[in-house]
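Laboratory data are not the source of any read-out in this text; all were calculated from the coordinates shown. Remember, predicted model here, so these are calculated numbers, not experimental data. For neighbour counting, all protein chains shown are included, and Cβ atoms are generated from backbone atoms with ideal geometry for every residue, glycine included.
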Amino acid sequence: MAHAVHAQRMSKLMLKTLRDDPADAETASHKLLVRAGYVRRSSAGVWTWLPLGKKVLENVSRVVREEMDAIGAQEVLLPALLPREPYEISGRWDEYGDLLFRLKDRKGADYLLGPTHEEIFTQTVKDQCTSYKDLPVILYQIQTKYRDEARPRSGVLRGREFQMKDSYSFDTTDEGLAESYRLHREAYQRIFARLGMDYRIVSAVSGAMGGSASEEFLAPAAAGEDTFVDCPQCDYAANTEAYTITVPPVEGESHGPVEELDTPDTPTIETLAEHLGVPASATLKNLLVKVDGEITAVGVPGDREVDLGKLAEHLAPATVELVTAEDFADRPDLVRGYVGPQGLAGTAFRYLADPRVAPGTSWITGANKQDTHARNVVCGRDFEVDQYLDVTVVEPGDPCPRCGAGIELDRAIEIGHIFQLGRKYADAFQLDVLGQNGKPVRVTMGSYGIGVSRAVAALAEQTHDESGLCWPREIAPADVHVVAAGKALQTELALEVGDKLAAAGVRTLVDDRAGVSPGVKFTDAELIGVPTILVVGRGAKDGLVELKDRKTGEREELTVDAALARLT
Ligand code: ATP
Ligand code: MG
Ligand code: MG
Ligand code: MG
C-alpha cells in the first residue's frame, strides 16, 4: 500500500526562525536565508543546509539536471578529493595559489579538494573514449566544490564550499565545439528562465580556465561582486573585466632605455625627471619601470600620464630602471591571457592610495602599444594590488566598443559561465581519438558552470521584499503555506485542507504549531516566502479561508472548496 501523502507540518519541522539579522550579514540573501532558517553558518564560507534550504537547493538542482539531460548531457559524479598530479600536468597546482585547498594523505602524498574539474574530466574521457565515434560527448555533475576564497562573505553567495553544476564537452571539430557551446547557452537560458531569474548574458574573459570564447550569465543585483558594461543603444554587454576599447593615440614623448638609476635615497620627482632629461611636468608615454630587475609599471600618454611624484614615492628606496615598451615582448606574464587583437593589451597601474583600488575591482589599463587602451585587468587577480600604480576606473559614459554610445554600469552576481576551452587541456593530457581516416585527432573542449548554491542566494537577492523571502514557484520550498490562525477548529481545518492539497500533488506546508500566535505565524510565513499563503482564520466556522499572494499581497476570501479548486 502506498504511503498516505501528508502536508509538511510545521510542528514537526526542524525550523527556528530568527527575529534579528545575523551580526556579520551585509546582504539581504545572507540575512534572510539565515533568519528564515534555510541555512546556518558552520565556519567561514561553509554552510549547513537545513530542511527548507535543502528543498530549495534540490529544486535548483532538479531544473539544472532536467535541462542538462534535455541537451543529451550525461550525469556522472567525480571525486572531490583529487591527487596533485593532473593539476601539475595542467599547471594549475601552481596557478591556483592560495585558492586551492591542499592536503596530504597518511603517506605524505599531495591532494587537493577540487575547485573545478577540467583535468579529471579530460582524463575520464581519455580513458573512456577512443574513437571519433565515441564523440561528441557532454558530461556533467552537480557536486561540492572547494575554493579557499580570500573573502568568503555574503553567505552562500561566495562560499569556500559550494555546489556547482559543471559540465564539459568533447568534440573532434571546431564546429562541433561551437555546437556544444550553443546547446549549453540555450540550456542555460531555459534554466535561468525556469528559475525565475532576471539575468543577462555578457562577454567575459576566460581567466584561470584558459581558452577563447567565453560568456557569463549575470544576475543583476546590488549585492553582486561583478560590474558589467551595458550599452543602452545596442546589444553590447560585457563584464568590465572583458571591456576592451581602442582610443585614439594621445601626444606625448617616448623615452627609450636609460641606464640603471641606483637610488640609495628616496627618489624624488626631480631626480627621476633629471635622470630622464625631461621637465618634472612632462607627459610621458611608453615608460616602463623596473624595480630591482622586475618590471612593475608602465607610463601612458595623455591624461593617463605617470605622475612622477607618486612613482618616486612608490618605488623608494628600490633600484629603479626605466626602459621602453618593447620590453613587454618578453613578458607575456604581465598581461596574463589578455593579449588582444591589437597585440599586448596592457597592465594596470594607478597609485594604490586610491581608496577605490580593491581586489576584485576592474580597472582601465594603460596602453603599452600605440593606439591601444584595454580595460580588462583585475587587481588582486592579475596583479598584487600594492605592486601597481595609477589605474582609472571604467566609468559610466565611456564609449561602447560596438556603437560608441555612452555605456552604463551595473552590479551583478555571476551565476553561470560558459567557455570554449579549445585544446588547452587536450594538449596537456594528449587527449586524442582515432579519426575517420584512422589517424589520431586532438579533441577540443568546452567547460560550463552554474553556481547552484549561489543561484539560491541570487534568487533571494532578486525576489525578496521588506517582509522576507519571496520565492518563484519553481524553486520555492512549497507551493502553499497554510496558516492555522486560531484554535482547534482552525488547526483541524488547516490540516484537512493541507492534506487534501498534498494528496493532489501540491507541495504544502501547514503551520499547525500550538501556542504560537497568529501574528508570529503570519510573520514567519512572510519571512519563509512560499508563493501562496492560505489563512484559516475567523471565517473557518463558515467554511471560509483567505488566499494571499506572497508577492503582490493580494488577498481573497473564498470557500474551502473554491480554494482547493483554485490551487489544485
Ligand atoms: P567569481 O568570479 O564569483 O569568483 P568564478 O568566475 O571564479 O566566480 P567559475 O570558475 O566561473 O567562477 O565557476 C562557475 C560558477 O560557479 C560561477 O559562475 C559561480 O556561479 C559559481 N561559483 C564560483 N565561485 C563560487 C563560490 N565561491 N561560491 C559559490 N558559487 C561560486
Ligand atoms: Mg572566483
Ligand atoms: Mg568570475
Ligand atoms: Mg567565472
How much length would be gained if the chain were fully extended between residue 189 and residue 523, taking 0.36 nm per residue of separation minus their Cα-Cα distance, in nm to one decimal? 116.8 nm
Quick one: which residues, 5 or more positions from residue 213 or on another chain, have an amide H under 5 Å from its amide H? H modelled 1.01 Å from N in the peptide plane, none for Pro or chain starts. 420
Convert each backbone phi in the stretch 554-567 into a coupling constant with the Karplus relation 6.51 cos²θ - 1.76 cosθ + 1.60 (shift: θ = phi - 60°), then list the ³J(HN,Hα) values in order as whole Hz, x for Gly and Pro. 4, 10, 8, 9, 7, 6, 4, 4, 5, 5, 4, 4, 5, 8
Measure up 54/145; 521/548; 12/551; 16/551 against 20 Å on the Cα-Cα distance and list the ones that go over. 12/551; 16/551
What ranking do 474-480, 9-15 get when scored by the average of other Cβ atoms within 10 Å per residue, highest first? 474-480, 9-15
I need the shape label for the stretch 396-473. Rule: rounded when a/c is under 1.5, else prolate if a/b > b/c, else oblate, with a, b, c from the alpha carbon gyration tensor. oblate
Any residue on another chain or 5+ positions along whose placed amide H is under 5 Å from the amide H of residue 482 is listed here as 509, 510, 511, 534
Burial-style ranking of 84-91, 160-167, average other-beta-carbon count within 10 Å with highest first, yields 160-167, 84-91
Net charge within 10 Å of residue 38 by Cβ-Cβ distance, Lys/Arg positive one each and Asp/Glu negative one each, not counting residue 38 itself? +4
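Between their Cα atoms, which of 165/424; 126/439; 104/424; 55/487; 133/439 are more than 23 Å away from each other? Working shown, then result.
Working: 165/424 21 Å; 126/439 16 Å; 104/424 28 Å; 55/487 30 Å; 133/439 13 Å.
Correct reply: 104/424; 55/487.
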In order through the stretch 41-54: 3J(HN,Hα) via Karplus (6.51 cos²θ - 1.76 cosθ + 1.60), integer Hz, x for Gly, Pro: 6, 9, 9, 3, x, 10, 10, 9, 9, 7, x, 5, x, 4
